[in-house]
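Scroll down for the structure; my scribbles are underneath it.
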Amino acid sequence: MSFDRGQPLYERVADHLREEIRAGTYGPGDKLPSESGLAERYGVSKITARQAIAQLRGEGWVSTRMGSGAIVAEGGPPRRMSDEILRGDAFYRSVDRLGLVPSVATSVTRAPASEEVAEALGVELGAEVLVHVRLNRPEGRPPIALGTNYFPLWVVEAVPELAEESTSGLTKWLGEAFGPLYGEDLIDSRMPTLEERERLEIPPDTPVTVIKGLNRDSQHRPLHYIVKVTPSGRWIYSYRFGDVPEG
C-alpha cells in the first residue's frame, strides 16, 4: 500500500494497524500478525514492524507477551505520548487515535504573575503575563484536561498569535519563532479545587493529576509555563525513555 512520505515509516505502519483495530478488523483479544508477517505485508524491515508494535503498545492499543505476539487490548482513555508534547498537538492526536472529535474551549487574558509563575518564567512578582486557558474534551464526553498557559509579554510580542483564542499548537508556534525547545515536567496528584471540580465535571472524591511544565529555548530562556489538571482515569500520560533504535 502507499504511504505519506512525511512520517517515519514505523508510524505509518502503526497508523494503518490502528485504523484496522478501530474499524473492527482486529477486535479485543485478537492477535496481530507477527513481525515477519507485518514486514512482508508492508514491505518494511522486521525492526520497523517491531517499532510499529511498540508504538501501538505505548498508546494502549495492544499488549505483548513473550511467545504470544501482540494482542489487541480492551479500549481505554486517550493517551498522550511523551514524544508528542513539543509537537503542540498531543491532545488532538490522542483523541483522534480513538476516532473521537476534539473539542476545545479557550479564553485569553492578561494577569499579574503569581509567585509561582514569576519564579518559573523569570519575571518580577506581579508582572503582567499572558494567560491562555484551555478546557479539552472529546466531543460528547466529560472534559479530560484543564490547561493554564502563561507567557512573558516579550514572548507574546515575538509570537502575537499566542494572544488569539483560535490559536492551537502553542509549542509549535514557539518552536517556529525561537527554534528547538526543551521542557521540564513536574507531576503530582491531589484532590481538585472547587473550581476544577466544576469546570472538569469531576465526581466527588476523584483525585486529579497535575503537570507543571516549563518550556525553554536553546538559550535556556523560559518561554512558557503550563499547569495542566487531569481527572483520574480520563487521560493517560505515557513516557518513553532511552535511545529508541530507528528502523
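The values are calculated or read from the model by the stated rules, or taken from the named source; none is laboratory data. Please read all numbers here as calculations on a predicted model, not as lab measurements. In this analysis, Cβ positions are derived from the backbone assuming ideal geometry, glycine residues included, and neighbour counts consider all displayed protein chains.
Please state which one of 165, 196, 139 is in the same structural domain as residue 89 (by TED's automatic domain parsing), surrounded by 15 or more Cβ atoms within 10 Å (Cβ to Cβ) and touching a strand residue (DSSP E or B) at 6+ places or on another chain (Cβ under 6 Å). Please lay out each step first, then the result.
Working: 165 fails: surrounded by 15 or more Cβ atoms within 10 Å (Cβ to Cβ); 139 fails: surrounded by 15 or more Cβ atoms within 10 Å (Cβ to Cβ).
From the options 165, 196, 139, the qualifying one is 196.
Within the stretch 20-55, work out how many residues are modelled with pLDDT under 85 and out of contact with any Asp or Glu (no Cβ under 7 Å at 6 or more places or on another chain).
Adding up the residues that qualify gives 7.
Exactly one condition in (1) modelled with pLDDT of 95 or more; (2) surrounded by 13 or more Cβ atoms within 10 Å (Cβ to Cβ) is not met by residue 172; state its number.
(1) is the only condition that residue 172 fails.
Determine, yes or no, whether residue 147 is at pLDDT 95 or above, crowded, with 17+ Cβ neighbours inside 10 Å and either under 30 Å from residue 14 (Cα atoms) or charged (D, E, K, R) (or both).
Details: at pLDDT 95 or above: yes; crowded, with 17+ Cβ neighbours inside 10 Å: yes; either under 30 Å from residue 14 (Cα atoms) or charged (D, E, K, R) (or both): yes.
Taking the combined requirement at face value, the residue satisfies it.
Going through the stretch 15-35 one residue at a time, which ones are basic (Lys, Arg) and either more than 26 Å from the chain's Cα centre (by Cα) or exposed (fewer than 14 other Cβ atoms within 10 Å of the Cβ) (or both)? Give the steps one after another, and end with the answer.
Within the stretch 15-35, the subset basic (Lys, Arg) is 18, 22, 31.
Correct list: 31 only.
Tally the residues that are within 20 Å of residue 214 (Cβ to Cβ) and without any contact (Cβ under 8 Å) to a residue 60 or more places away in the chain, restricting the search to the stretch 88-107. Even if it seems obvious, please write down each step before you answer.
Restricting attention to the stretch 88-107, the residues satisfying the condition of being within 20 Å of residue 214 (Cβ to Cβ) are 88-91.
Narrowing further to those that are without any contact (Cβ under 8 Å) to a residue 60 or more places away in the chain: 90-91.
Looking only at that region, the number is 2.
The conditions are (1) of a type in the set (Ser, Thr, Tyr); (2) outside the structural domain of residue 56 (by TED's automatic domain parsing); (3) surrounded by fewer than 19 Cβ atoms within 10 Å (Cβ to Cβ); (4) closer than 30 Å to residue 240 by Cβ, and residue 68 fails exactly one of them. Which is it?
Unmet for residue 68, out of (1) of a type in the set (Ser, Thr, Tyr); (2) outside the structural domain of residue 56 (by TED's automatic domain parsing); (3) surrounded by fewer than 19 Cβ atoms within 10 Å (Cβ to Cβ); (4) closer than 30 Å to residue 240 by Cβ: (2).
If you check 73, 39, 54, which single one turns out to be of a type in the set (A, V, I, L, M, F, W, C), under 24 Å from residue 241 (Cβ atoms) and touching a Ser or Thr at 6+ places or on another chain (Cβ under 7 Å)?
Values: 39 fails: under 24 Å from residue 241 (Cβ atoms); 54 fails: touching a Ser or Thr at 6+ places or on another chain (Cβ under 7 Å).
From the options 73, 39, 54, the qualifying one is 73.
Residue 95 versus (1) surrounded by 16 or more Cβ atoms within 10 Å (Cβ to Cβ); (2) assigned by TED's automatic domain parsing to the domain that holds residue 192; (3) in contact with a helix residue (DSSP H, G or I) (Cβ under 6 Å, 6 or more places away or on another chain): which is the lone unmet condition?
Result: residue 95 fails condition (3) only.
If I go through the stretch 206-247 residue by residue, how many of them are among the polar types (S, T, N, Q), in contact (Cβ under 8 Å) with a residue 60 or more places away in the chain and exposed (fewer than 14 other Cβ atoms within 10 Å of the Cβ)?
To start, the set of residues in the stretch 206-247 that are among the polar types (S, T, N, Q) comprises 206, 209, 215, 218-219, 230, 232, 238.
Still in the list and also in contact (Cβ under 8 Å) with a residue 60 or more places away in the chain: 215, 230, 238.
Filter once more, so that each one left must be exposed (fewer than 14 other Cβ atoms within 10 Å of the Cβ): none.
Qualifying residue count for the region: 0.
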